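Every number in this text was worked out from the coordinates using simple rules, so none of it is lab data. Model, not experiment: these values are computed from the prediction. Quick reminder, even Gly has a Cβ in these numbers, built from the backbone with ideal geometry, and neighbours come from all protein chains shown.
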């Protein structure tokens, strides 16, 4: 009999935006999809922490990316983009890439 050699699988890297709770109200005021974010920063963090736990338990590698809401809003203005989930994801990828 032949034993199959298992290929090692590289973990998937997930980038998770983190916000300073001092800027939470600013984020809610400027986000087009604020209803998806939650009413409070602690509520959002609780949900994010549950997601991170699930991703890690499934073998994912999770990197927190701290987002300054003022910088995010500036990015949206200069690129004429709405502050929504898609733009925030794009912004996280961009600043994570710049920090490497």
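For the reader, a short list of remarks on this structure follows.
- Among the residues of region 54-98, those identified as in contact with a strand residue (DSSP E or B) (Cβ under 8 Å, 6 or more places away or on another chain), more than 19 Å from residue 20 (Cα to Cα) and not in a helix (DSSP H, G or I) are 60, 61.
- Restricting region 76-89 to residues that are within 12 Å of the chain's Cα centre (by Cα) and loosely packed, with under 14 Cβ neighbours inside 10 Å, the residue that is nearest to residue 32 (Cα to Cα): 86
- Count of residues meeting criterion [part of a helix (DSSP H, G or I) and under 21 Å from residue 80 (Cα atoms)] in region 15-41: 6
- As for region 61-75, it holds no residue that is at positive phi and loosely packed, with under 12 Cβ neighbours inside 10 Å.
- Annotation note: Cβ proximity below 6 Å between a residue of region 27-50 that is under 15 Å from residue 16 (Cα atoms) and a residue that is part of a helix (DSSP H, G or I) (sequence gap 6+ or interchain) occurs for 37/44; 41/21; 41/24.
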